[in-house]
């Protein structure tokens, strides 16, 4: 609380952008999978956790955070592919209850498997050399790593938007979400489209998992914490709406970023306040159009 | 309440559903409840402790299943009600050790039922994935309160030593330092009448008919004049109340309450228990919790990472036998009957 107003505003603003980036990175994958496949994946946050742990091991073995950021997401995606082939794809058409149950089971297994491999302890990861320092702007001390997180989020959001609305592949994926029979009749393989969307979701979660570790560390309960955050962003944004998730993540970032400066004791409650506030005015979420049934 | 004329066909469909397997269901129910009553004489002390956990979590799972089976809504945060009641019971016992325990349990459970009616306003209007995600958020919210409000809940340390050394059951009937067998009997003496009453309410009263009609065809029920939102809301309140009784008894049986009684893990565990036993049968969740508790006991003796195997078994169960053990038994027995008749 030291310093004067400009520095507080700059620090709060940077925190806002950082939380915005983090919240959106985790939630985007879940939203994409829900919006395009209608699949509610409780294990989404488990892939996020898994990537965090894998990245930790890679960084520990090689000493390079960059290698972890490069390799851990693809490894997680391969594991996701195996899970998709074996389990997820059986239930694309099955309705939300079986999906919820199956993914609860998968989340259970992943949580216990990570405990088996890495133990019950929490680990801290230091940011890579060059990003560990601070810069001072107008009296506000800002961690360089936060700027890096924001940059990563910007790049991924840009790529995702481009992929979905700017490419032929994205067009097919969007068409498959609303007119599956037609897309099938035109000769596209629906299964491949579904798998692809699912893996994009896992990749986004995995990148979030690795990027997050220097800020929050890794610990056995991180999947549960992320799941709650993610669900709140997705529900308040409107189920399956990517712009909605983006906007709510921003709102969450704003409340976290500035609220933590003044009311840090209540920071854990901010997501719920945002959720309640949004639903009071928009019962279906910011950009929600359907009940999700 | 008079039954409108057009309700006829819908009710007869309900009746047909009921009469199928009614006899075998009744036999299974009496066998299960009989086993619960007679267990203290049969089981060794150590197993009785497990069974005590199993029937309380089973009662909680029945509460979860009230809103799932009868309203088609999958609650992903039902530990909110179990945990809140457990904390409330602990505080009530500490504040009023001279008041008979059943009064305190009912107080805690009614409070939680009212909480369910209040929170239900937010989530019961939605169905499917939306309901599940909203209940998860509500559960996480109450967990966060329990976690942060250290002065009242003890945070992660929890609340201990709230049990009075003399438990007043009724005026003039006291238990000095109740044993495991005695708290087990206390739990069972709540569980059996309560579950039978709830079963009767949902299966044999106009309210129960309304709840089931709303699940089967919400539009039709609305056209027949039912306020479908209020019907679902009332059922959600009932589901919260039953979870509340389980939570209050849990506080007494364990003498300790912590955030473990209200966290997301418990909310998912109760879903797993309910589906292991089978959500199609009213008492299925009770069976499921017994299988879960004794199964995890056996597994944890073999391996430290029993939850891995439990999770894998649950995945197989969801894919292969989505109706749980009770559904599997019903299927096998109907095949047997067909073979004998044919």
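Looking for whichever is farther than 30 Å from residue B:310 by Cβ and touching a helix residue (DSSP H, G or I) at 6+ places or on another chain (Cβ under 7 Å) here; the options are A:72, A:68. Which one fits?
Selected residue: A:68, the only one of A:72, A:68 that is farther than 30 Å from residue B:310 by Cβ and touching a helix residue (DSSP H, G or I) at 6+ places or on another chain (Cβ under 7 Å).
Just so you know, in segment A:229-261 the residues that are without any contact (Cβ under 8 Å) to a residue 60 or more places away in the chain and away from chain B (no Cβ under 14 Å) include one that is surrounded by the fewest Cβ atoms within 10 Å (Cβ to Cβ), and it is A:243. Is it the case that residue B:142 is touching a residue at least 40 places away in the same chain (Cβ under 8 Å) and within 26 Å of residue B:289 (Cα to Cα)? Yes; evaluated as a whole, the condition is true for this residue. For the residues B:153, B:135, the requirement of being in contact (Cβ under 8 Å) with a residue 24 or more places away in the chain and under 21 Å from residue A:277 (Cβ atoms) singles out B:135.
Here the condition is being at pLDDT 85 or above, under 19 Å from residue B:277 (Cα atoms) and part of a helix (DSSP H, G or I); of B:47, B:54, it holds for B:54 alone. Entry remark, segment B:62-97: residues being assigned to a helix (DSSP H, G or I) and touching a residue at least 40 places away in the same chain (Cβ under 8 Å) number 23 in total. As a summary of the residue check, residue B:170 satisfies the conditions (1) within 14 Å of chain A (Cβ to nearest Cβ); (2) farther than 21 Å from residue A:227 by Cα; (3) touching a residue at least 60 places away in the same chain (Cβ under 8 Å); (4) exposed (fewer than 15 other Cβ atoms within 10 Å of the Cβ) except for the one numbered (1).
The set of residues in segment B:126-172 that are touching a strand residue (DSSP E or B) at 6+ places or on another chain (Cβ under 8 Å) and either more than 22 Å from residue B:248 (Cβ to Cβ) or assigned to a helix (DSSP H, G or I) (or both) contains only B:153.
Filter segment A:123-149 for residues that are in a helix (DSSP H, G or I) and surrounded by 18 or more Cβ atoms within 10 Å (Cβ to Cβ); which is farthest from the chain's Cα centre (by Cα)? Result: A:145.
Kindly indicate whether residue B:147 is facing chain A (nearest Cβ under 9 Å) and more than 19 Å from residue B:72 (Cβ to Cβ). Criteria met by residue B:147.
Just so you know, in segment A:270-293 the residues that are surrounded by fewer than 17 Cβ atoms within 10 Å (Cβ to Cβ) and not in a loop (DSSP other than H, G, I, E, B) include one that is nearest to the other protein chains (Cβ to nearest Cβ), and it is A:276.
Considering each residue of segment A:154-172 in turn, none proves to be assigned to a loop (DSSP other than H, G, I, E, B) and closer than 30 Å to residue A:15 by Cα.
Looking at B:276, B:325, just one residue is surrounded by 18 or more Cβ atoms within 10 Å (Cβ to Cβ), within 14 Å of chain A (Cβ to nearest Cβ) and within 19 Å of residue B:25 (Cβ to Cβ), and that residue is B:276. Kindly indicate whether any position in segment B:144-157 is farther than 22 Å from residue B:95 by Cβ, within 24 Å of the chain's Cα centre (by Cα) and crowded, with 18+ Cβ neighbours inside 10 Å. There is at least one residue in segment B:144-157 that is farther than 22 Å from residue B:95 by Cβ, within 24 Å of the chain's Cα centre (by Cα) and crowded, with 18+ Cβ neighbours inside 10 Å.
Of A:226, A:177, which residue is in a helix (DSSP H, G or I), away from chain B (no Cβ under 14 Å) and within 24 Å of residue A:88 (Cβ to Cβ)? When all the criteria are applied, what remains is A:177. Here residue B:81 does not fit the description of being within 20 Å of residue B:189 (Cα to Cα) and under 17 Å from the mean Cα position of the chain (by Cα).
With respect to the conditions (1) modelled with pLDDT of 85 or more; (2) part of a helix (DSSP H, G or I), residue A:220 lacks only one, and its number is (2).
Residues of segment A:180-223 that are within 14 Å of chain B (Cβ to nearest Cβ) and at positive phi: none at all. Against the numbered list (1) over 12 Å from the mean Cα position of the chain (by Cα); (2) part of a helix (DSSP H, G or I); (3) surrounded by fewer than 20 Cβ atoms within 10 Å (Cβ to Cβ), residue A:187 comes up short only at (2).
If I filter segment A:84-98 down to residues being under 21 Å from the mean Cα position of the chain (by Cα) and either modelled with pLDDT of 90 or more or at the interface with chain B (Cβ under 7 Å from one of its Cβ atoms) (or both), which single residue comes out as farthest from residue B:312 (Cα to Cα)? It comes out as A:96.
The values are calculated or read from the model by the stated rules, or taken from the named source; none is laboratory data. This one's a predicted model, so the numbers in the text were calculated from it and none came from an experiment. Using ideal geometry, Cβ is built from the backbone for each residue, glycine included, and neighbour counts are taken over all protein chains shown.
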